[in-house]
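Step one of this worksheet: look at the structure below.
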Amino acid sequence: MDVFNFLGRTREAKARLEQHRRRLYRIAYAWTHNAALADDLVQETLAKALQKSGQLRDPNAGEAWLYSILVNCYRDHFRRRRVTEEIDENTITHESTPEKESSEQQVVLRVREAIARLSEGQRQVVTLVDIQGLSYLEVAQILNVPIGTVMSRLCRARHTLKDLLGDFAPRTAAEESKIRRIK
């Protein structure tokens, strides 16, 4: 059965679901940097939301509820794969070079790279607060952490991003070539 038809017969309901799917995907991709995993997490999130839709008490909190489900799916994924390491303790780095074609794409890639270098907790808070525009209280509820933890992670993440991007200027093709030769 088509999920869109199952959720609602109206175009508005279909559009809302697709909008949520896109937002969830952007967050999942920002956390994982893996398109297939992000897609799997979003699919699992929406499936759980459909199964448990009767548990949503406040329709106005639907978006935060979906983000909470996404966080739980993300944690469950790594719990299944984890041997003995704590995920929050790992620093995940992503080394990609900006594309030469446009300076706008260079900026996007450099910012993604900087966000990927943050710890998991900082990355989650930055994406939910600064990219999705959620309040500190909403993020604290979604991640199930105290609001002070959200504030401190956000502060540390912003300082780290400032350090990583402080000297940023889009690189020219000659600079990119020189950097590749050095590496």
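Okay, here's what the table says:
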| read-out | value |
| --- | --- |
| Sole exception among (1) at pLDDT below 90; (2) within 23 Å of Ala38 (Cβ to Cβ); (3) not aromatic (Phe, Trp, Tyr) for Asp167, by number | (2) |
| Extreme residue, most open to solvent (accessible area, probe 1.4 Å), among residues of the stretch 128-152 that are within 16 Å of Ala28 (Cα to Cα) and part of a helix (DSSP H, G or I) | Ile131 |
| Considering residues of the stretch 106-127 that are among the basic types (Lys, Arg) and either farther than 16 Å from Lys162 by Cβ or open to solvent by 10 Å² or more (accessible area, probe 1.4 Å) (or both) only, the residue modelled with the highest pLDDT | Arg117 |
| Residue match in the stretch 70-86 (condition: in contact with a Phe, Trp or Tyr (Cβ under 7 Å, 6 or more places away or on another chain) and modelled with pLDDT under 80) | no |
| Candidate set: the stretch 18-60, residues that are among the aliphatic types (A, V, I, L, M) and over 27 Å from Ile115 (Cβ atoms); chosen: the one modelled with the highest pLDDT | Ala47 |
| Filtered residues of the stretch 40-56 (kept if among the charged types (D, E, K, R) and open to solvent by 70 Å² or more (accessible area, probe 1.4 Å)) | Asp40, Lys52 |
| Residue pairs meeting the criteria (Cβ under 8 Å; at least 6 apart or on separate chains; first free of Cβ contacts under 8 Å to residues at least 24 places away in the same chain and more than 15 Å from Leu24 (Cα to Cα), in the stretch 56-71; second surrounded by fewer than 20 Cβ atoms within 10 Å (Cβ to Cβ) and not hydrophobic (A, V, I, L, M, F, W, C)) | Leu56/Gly62 |
| Condition check for Ala15: open to solvent by less than 70 Å² (accessible area, probe 1.4 Å) and at pLDDT 85 or above | no |
| Breaking point among (1) modelled with pLDDT under 70; (2) under 19 Å from Arg21 (Cα atoms), for Glu99 | (2) |
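The values are calculated or read from the model by the stated rules, or taken from the named source; none is laboratory data. This one's a predicted model, so the numbers in the text were calculated from it and none came from an experiment. Backbone-built Cβ (ideal geometry, glycine too); neighbour counts: all protein chains shown. Ligands, DNA and RNA are stripped out before the accessible areas are found, and what is left, the full protein with its side chains, is counted by its heavy atoms. Shrake-Rupley method; radii C 1.70, N 1.55, O 1.52, S 1.80 Å.
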